[in-house]
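Take a look at the structure set out below.
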Amino acid sequence: MKKFFKILFVIALVAAVVWTFAYLFKKSKPQEKSYETVEAVIGTIEKKTVVTGQINPRDEVAVKPQVSGIISEIYKEAGQTVRKGDVIAMVKIIPDVSSLASCESQVKMAKLNLDNVEKAYERQKTLKDKGLISAEAFDNSSLEYEKAKESYSNALDQLNIVKEGISKNTSQYSNTMIKSTIEGMILDVPVKVGNSVINSNTFNDGTTIATVADMRDMIFEGKMDETEVGRISEGMPMVITIGAMNDKKFDAVLEYIAPKGTQENGAVFFKMKAKMFVPEDVTLRAGYSANAEIITESARDAVTVPERCVVYSNDSVFVYKNDVKTPIKTGLSDGLNIVVTEGLEAGDKIRGNEIVK
């Protein structure tokens, strides 16, 4: 029995040695490699840069009151369209006590003078009817009477302006009515009825009653890194993609690049603006976040090959054409494909990646 196991062990050992030698011999033999075949084609290569930013109206105006007071009425709300001159809100004036007292005193004095002149006018009229005074004397009395009436009317108007901010003769020009200064859409009405507001003056910007913007003229506003800004210029076409409307793309034209950059977190950025072309059936909202693609370089109708097929060695660039090392000259690359300016023609077959079996 022991002799049987010894023989079996020897046979197994010999088999293992033979298999090892056979495996090593097979591995030492050169294996034939196969590669995929790629064709050079005519195509377009574009190099793009992406800028993040927002969609905003070009003209956005803050409507402010001309007088200080309290909001008594609000006639419009955010989202409504207004024309230039439409009344958005009404301000009730809180009169100054000293000015009010002065105006009331002037009204009383003007009324006393009017009563006195009116009595004199009536006496002169009676004498004129009897032919006891000349026409010239009566005309002078009439003139004084008209002056007294006008003074009284002016005093009343001045009192109304101090109390209500409006006069009877110029009600259509009242500065208590807050009117839109442009045509457009109301984006925001930050005040409510009862809020106190102040007019714009040397010491204060004034209270914003409403923000109005022309939503038919939209622009893209973004910031570009200094490493990219040198490759773009005004007038370059752009494609805008809005985060809230991924299924739509909008054409735009770059129209402004800031001459001075601003530093943010150690990097320098330049502000840029682009005019957007928005179809009439599309409604955009101010503040949408968006991305803008700018084509900085392009090569059209050029011979292109996948960049993975190109071999770089020192300062030389080549491909394998019919298994022959062929030098070429390359141009623009987008990271996947590259333009071949010399050494290949459309339709040429070159070696691609190795096919792993």
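Gly266 meets the conditions (1) over 21 Å from Gly287 (Cα atoms); (2) open to solvent by less than 50 Å² (accessible area, probe 1.4 Å); (3) of a type in the set (Gly, Ala, Ser) in every case but one. The failed one is (2).
Could you tell me whether any residue of the stretch 175-185 is open to solvent by less than 50 Å² (accessible area, probe 1.4 Å), part of a helix (DSSP H, G or I) and either at pLDDT below 80 or of a type in the set (S, T, N, Q) (or both)? No, the stretch 175-185 contains no residue that is open to solvent by less than 50 Å² (accessible area, probe 1.4 Å), part of a helix (DSSP H, G or I) and either at pLDDT below 80 or of a type in the set (S, T, N, Q) (or both).
Determine whether Ala274 is open to solvent by less than 70 Å² (accessible area, probe 1.4 Å), touching an Asp or Glu at 6+ places or on another chain (Cβ under 9 Å) and not in a strand (DSSP E or B). Reasoning before the result, please.
Details: open to solvent by less than 70 Å² (accessible area, probe 1.4 Å): yes; touching an Asp or Glu at 6+ places or on another chain (Cβ under 9 Å): yes; not in a strand (DSSP E or B): no.
Considered against the rule, which asks whether it is open to solvent by less than 70 Å² (accessible area, probe 1.4 Å), touching an Asp or Glu at 6+ places or on another chain (Cβ under 9 Å) and not in a strand (DSSP E or B), Ala274 comes out as no.
Is one or more of the residues making up the stretch 58-75 open to solvent by 50 Å² or more (accessible area, probe 1.4 Å), of a type in the set (Asp, Glu) and touching an Asp or Glu at 6+ places or on another chain (Cβ under 6 Å)? Scanning the stretch 58-75, I find at least one residue that is open to solvent by 50 Å² or more (accessible area, probe 1.4 Å), of a type in the set (Asp, Glu) and touching an Asp or Glu at 6+ places or on another chain (Cβ under 6 Å), so the answer is yes. Against the numbered list (1) in a strand (DSSP E or B); (2) open to solvent by less than 70 Å² (accessible area, probe 1.4 Å); (3) among the β-branched types (Val, Ile, Thr); (4) out of contact with any Leu (no Cβ under 6 Å at 6 or more places or on another chain), Thr52 comes up short only at (2). Looking only at the stretch 341-353, residues that are within 13 Å of Val311 (Cβ to Cβ) and touching a residue at least 40 places away in the same chain (Cβ under 8 Å) come to 4 in all. Here Arg231 meets each of (1) among the charged types (D, E, K, R); (2) outside any strand (DSSP E or B); (3) within 13 Å of the chain's Cα centre (by Cα) with one exception, condition (3). Under the condition of being under 13 Å from Gly43 (Cβ atoms), in contact with a Pro (Cβ under 8 Å, 6 or more places away or on another chain) and outside any strand (DSSP E or B), the residues counted in the stretch 335-357 number 1.
Hey, does the stretch 306-315 have a residue that's open to solvent by 60 Å² or more (accessible area, probe 1.4 Å) and assigned to a strand (DSSP E or B)?
Of the residues in the stretch 306-315, the ones open to solvent by 60 Å² or more (accessible area, probe 1.4 Å) are 308, 312, 314-315.
Filter once more, keeping what is assigned to a strand (DSSP E or B): 312.
Within the stretch 306-315, one or more residues are open to solvent by 60 Å² or more (accessible area, probe 1.4 Å) and assigned to a strand (DSSP E or B).
Among the conditions (1) open to solvent by less than 80 Å² (accessible area, probe 1.4 Å); (2) closer than 30 Å to Asn56 by Cβ, Glu280 misses just one, which is (1).
Of everything listed in (1) in contact (Cβ under 8 Å) with a residue 24 or more places away in the chain; (2) closer than 25 Å to Val82 by Cβ; (3) surrounded by fewer than 17 Cβ atoms within 10 Å (Cβ to Cβ), the single unmet condition for Ser289 is (2).
Of all residues in the stretch 246-256, those being without any contact (Cβ under 8 Å) to a residue 40 or more places away in the chain and surrounded by 17 or more Cβ atoms within 10 Å (Cβ to Cβ) number 1.
The values are calculated or read from the model by the stated rules, or taken from the named source; none is laboratory data. All values derive from a computational prediction rather than experimental measurement. Note that we place each Cβ from the backbone using ideal geometry, even for glycine, and neighbour counts take in every protein chain shown. Surface accessibility is based on the protein's heavy atoms, side chains included, excluding ligands, DNA and RNA. Shrake-Rupley method; radii C 1.70, N 1.55, O 1.52, S 1.80 Å.
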